[in-house]
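What follows is a single structure, written as structure tokens, with notes after it.
Bear in mind these aren't lab numbers, they're just calculated from the coordinates by the rules spelled out. Everything numeric here is computed off the predicted structure, so don't read it as measured data. Note that each Cβ is placed from the backbone with ideal geometry, even for glycine, and that neighbours are counted across all protein chains shown.
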Amino acid sequence: MNNKDDKKVFNQNKMTISVQSKTVNEALVRSSVAAFCAELDPTVDQINEIKTALTEAVNNSIVHGYDGDIKGFVHIEATINGDTVHIRVQDQGKGIADVEAAIKPFYTTKPDQERSGMGFTVMEAFMDNLKVVSNDRGTVVEMSKRIKA
Amino acid sequence: MYICLFGELDEHTAPNARQTIDACILQGGFGNVVLDLSNLSFMDSTGIGVLLGRYKKIKKLGLTVCIASPSQQTDKLLKLSGIYQVMPKIS
């Protein structure tokens, strides 16, 4: 194997974690993914941004997708490809009725609660790319961030 | 009154934070409020909802609320939310 192949192998890695739809698991997920990203040597700011965006996505699955039903599972996949971290968060919850509206700042389907409606706005601001696909069988959030040296 | 938040503020810890701060507010007998975030190691948008909820309760008492010493990540989140327009940041 030459040096080029060495680098290619080193720069690809993947982890998956599935957690029950319980808010206590949010800290576990963000800590696990943060540790996984460490091989790219991110700055403290970069890792905090990834942790925040990831928590928003997982929280959406738990609070909105499963609506507090703890029987559901949230599946998280993190992939390192070169200098970029790709994160995929998937649930099999009720889905988002209007993704376009949900992405707008301050949009919330639970106005009776103390919800800021900033979840997707935070994901967009803290990551480089964000894609949301949702139907009545669940939601998939994909986002990525390049870890610049 | 200084209210210091410690640890992580997310969906899991928010109920306890709300309950604890609201208990302080209910006691009354205090002046303007400073929310000290210097020991808050993590906060997501759930935290914004918690802070805004407390702001509304304190504002009803005719008092002001300021935010002190957020981390860089929390500061970025708070700027994004526009929360400093109602709860200014103090050094």
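Among A:Thr121, A:Thr108, rank each residue by its count of other Cβ atoms within 10 Å, from fewest to most, as a rough exposure measure.
Going from least to most buried by this count: A:Thr108, A:Thr121.
How big is the dipole moment of chain B about its Cα centre under a simple scheme where the beta carbon of each Lys and Arg is +1, that of each Asp and Glu is -1, and everything else is neutral? Debye, nearest 20, please.
420
Rank A:Gly93, A:Ala78, A:Leu28 by how far each Cα sits towards the positive end of the charge dipole of chain A (+1 on Lys, Arg Cβ; -1 on Asp, Glu Cβ) and give me just the farthest.
A:Ala78
Order by neighbour count: A:Arg146, B:Arg54, A:Arg88, fewest other Cβ atoms within 10 Å first, most last.
Final ranking by Cβ density, sparse to dense: A:Arg146, A:Arg88, B:Arg54.
Taking the alpha-carbon centroid of each part, what is the distance from region B:7-84 to region A:48-92 in angstrom?
Here the answer is 25 Å between Cα centres.
Return the subset of A:Lys104/B:Lys60; A:Lys51/A:Lys110; A:Lys94/A:Lys145; A:Lys51/B:Lys76 for which the Cα-Cα distance in this structure is over 20 Å, preserving the input order.
Violating the 20 Å Cα-Cα cut-off are A:Lys104/B:Lys60; A:Lys51/A:Lys110; A:Lys94/A:Lys145.
Setting aside same-chain residues fewer than 8 positions from B:Lys57, which aspartates and glutamates have a Cα under 17 Å from its Cα?
A:Asp112, A:Glu114, B:Asp22
Could you work out the relative contact order of region A:42-149, using alpha carbon pairs under 8 angstrom and six or more residues apart, expressed as a whole percent?
Relative contact order for region A:42-149 comes out at 32 percent.
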